[in-house]
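Following: one structure in structure tokens, then a few remarks.
Readers should treat all values here as calculations from the given coordinates under stated rules, not as data from a laboratory. For clarity, every value in this text was computed on a predicted model and none was experimentally measured. Positions of Cβ are backbone-derived with ideal geometry, glycine not excepted, and every protein chain shown enters the neighbour counts.
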Amino acid sequence: MDCIEIEGGMPLHGEIPISGAKNAALPLMVASLLTDEALHLSNVPHLADITSLANILAQHGVEIDVQREGGDIGGDVVVMRAAEITSTTAPYDLVRKMRASFWVIGPLVARCGHAIVSLPGGCAIGTRPVDLHLMGLERLGAEIELAEGYVTARAPKGLVGNEVEFPFVSVGATVNLMLAASLAKGETVLRNVACEPEVTDLATCLIAMGAKIEGLGTRKLRIQGVERLSGARHRVLPDRIETGTYAMAVAAAGGEVVLKNGVGRLNSAVIRVLKQAGVEVTEVANGLQLIKNGARHKGVDIETEAFPGFPTDLQAQFMALMATCEGTSKIRETIFENRFMHVPELARMGAQISVDGDCATVTGIERLKGAPVMATDLRASVSLVIAALGAEGLTSVNRVYHLDRGFERLEEKLSAVGATIRRVRA
């Protein structure tokens, strides 16, 4: 099994290109099931999760052509056409690899009137049930049956618009219901929806395909169902999680880096806490400039929240940064109940972290020490990379297949700005 070795203590200088957002590309790819025409997506990151979802869509009958865009960002152009849905079943062997694959249930039942989808798998950071997805589909008239690990959804006469209010904000349920409601008869009103930029990016693409959606970026979406959707061309927005991750890497290692195509408005909460910690962040013509020299960063308290709050997908990375802060930092995780699995691994490097329920207290030390560590999930894995960049000595990060799910060309991007990092093949 591959590992990544990092020799810490090297400041970073130069430019890091930000890839297209994985969390935007995945629902955009699923939208291809809603039309028999071609959907062209550009700036799609080349990641394991993208490949996994492409395999799932292919077995439903989607024809997929992938072309390399080129340039320093290196995103893909993915052209998908579901001229005919050849299967409405998403089997366990494919769906278990990633939770986003469950989103196919909404488009399949909307277009075909029937879908059988395995309950999903994915990172072990919490239970993340799909009950809100199913509740919403039932509100649109689908008959739902659960048996032997599969969900069967039926709406032989088509879905019918209705009002759906989510008891709490869920990106996945918002995505699934938005996709399904686009082809439902009549009007659907979704309340207490997620307003993450990736959700808005999906809505923008659906509108280009002919959907009628109002309320983008708010907690209420109004969707007028249409009989059919057409193809479209859409460019995936830059990855705000990758942007925040590399920003924290610069803060941990020191130096001066421009995050090319990083967007300030997508990362306002992260920028605010980095500035509080003593990192200089400036919007420049081609992205975001990060400067961290001299004094240790200061401890800052955060609480993860739905957008526009501090993202849960950056909590582990921020904890790695705070491990060498001056003073203490309190980090409260409100989204997932099992997202502190990186704490024991950071402790192997000398971090002083105590956990009490959903709150972690980080007491900063002068410097971490390199050590062999093990990744437990996608974001935890990259937090160990951040810790290693600022640590003294050699760190080996094992089980890096998690990294390959969500970070495109990580070693190449960090090496280009001065990090001593290499992948050791098993």
task = Rounded to the nearest 500, what is the 222 nm mean residue ellipticity of the chain from helices alone, with -39500 (n - 2.57) per DSSP H run of 4+ residues and division by all residues?
result = -8500 deg cm²/dmol
ask   = Counting only residues 5 or more places away or on other chains, whose amide H sits under 5 Å from the amide H of SER19 once H atoms are built in the peptide plane?
value = ASP239
remark   = Taking every DSSP bridge whose two residues both lie in the chain, the antiparallel percent to the nearest 5 is 70
inquiry  = Please give me, ordered by residue number, the trypsin sites (Lys or Arg not before Pro) of the range 132-161 that lie in loop per DSSP and have at most 12 other Cβ atoms within 10 Å.
reply    = LYS157
key: In Hz, Karplus ³J(HN,Hα) per residue of the range 369-376 (6.51, -1.76, 1.60; θ = phi - 60°; x = Gly, Pro)   = 10, x, 6, x, 9, 10, 6, 10
inquiry  = Please list 3J(HN,Hα) in residue order for the range 3-19, calculated via the Karplus relation 6.51 cos²θ - 1.76 cosθ + 1.60 where θ = phi - 60°; whole Hz, with x for glycine and proline.
reply    = 9, 10, 9, 10, 9, x, x, 9, x, 9, 9, x, 9, 10, x, 8, 7
remark   = Proxy exposure order for HIS40, HIS297 (fewest C-beta within 10 Å first) is HIS40, HIS297
query = Under the Karplus relation 6.51 cos²θ - 1.76 cosθ + 1.60, θ = phi - 60°, what is the ordered set of whole-Hz ³J(HN,Hα) values for the range 281-291, x standing for Gly and Pro?
reply = 10, 9, 6, 10, 4, 10, x, 10, 9, 10, 10
ask   = Which residues' amide hydrogens lie under 5 Å from the amide hydrogen of GLY231, considering only partners 5 or more residues apart or on another chain, with H built in the peptide plane?
value = GLU37, ALA38
ask   = Which is the longest part of the chain that has none of the GluC sites (Glu not before Pro) sitting in a DSSP loop with at most 10 other Cβ atoms within 10 Å?
value = 228-365
query = Shape call for the range 22-235 from the C-alpha gyration tensor, a ≥ b ≥ c root eigenvalues: rounded (a/c under 1.5), prolate (a/b greater than b/c) or oblate?
reply = rounded
query = Using alpha-carbon pairs under 8 Å, 6+ residues apart, how would you state the relative contact order of the range 22-235 in percent?
reply = 20
query = For the range 355-375 and the range 165-184, what is the separation of their Cα centres, given in Å?
reply = 36
task = Of the listed pairs LYS275/LYS298; LYS22/LYS275; LYS292/LYS413, which have alpha-carbon separations greater than 20 Å here?
result = LYS22/LYS275
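From the Cα gyration tensor of the chain, with a ≥ b ≥ c the square roots of its eigenvalues, which class applies: rounded if a/c is under 1.5, or else prolate if a/b is larger than b/c, or else oblate?
prolate
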request  = Find how many whole Å separate the alpha carbon centroid of the range 235-274 from the alpha carbon centroid of the range 92-112.
outcome  = 31
inquiry  = If the elastic network links every pair of Cα atoms under 10 Å, which of GLY244, GLY294, GLY225 fluctuates the most in the Gaussian network model of the chain?
reply    = GLY294
remark   = Under 18 Å by backbone N from the virtual spin label 7 Å along Cα-to-Cβ at LEU394, the residues of the range 1-24 are 1-10
message = Is the C-alpha gyration tensor of the range 77-119 telling us rounded, prolate or oblate? Criteria: a/c under 1.5 is rounded; beyond that, a/b larger than b/c is prolate, otherwise oblate.
response = oblate
ask   = Taking Cα pairs under 8 Å and at least six residues apart, what relative contact order does the chain come out at, in percent?
value = 21
ask   = Of the chymotrypsin sites (Phe, Trp or Tyr not before Pro) in the range 81-190, which ones lie in a loop per DSSP and count no more than 12 other C-beta atoms within 10 Å?
value = PHE168
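Please give me, ordered by residue number, the trypsin sites (Lys or Arg not before Pro) of the range 225-294 that lie in loop per DSSP and have at most 16 other Cβ atoms within 10 Å.
For trypsin sites (Lys or Arg not before Pro) across the range 225-294 that sit outside H, G, I, E and B with at most 16 neighbouring Cβ atoms in 10 Å, the list reads ARG228.
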task = Considering only MET29, MET135, MET319, give the residue with the highest GNM mean-square fluctuation for the chain, with springs between Cα atoms whenever their separation is below 10 Å.
result = MET135
message = Compute a Gaussian network model of the chain, connecting alpha carbons closer than 10 Å, and tell me which residue from ASP201, ASP377, ASP301 fluctuates the most.
response = ASP301
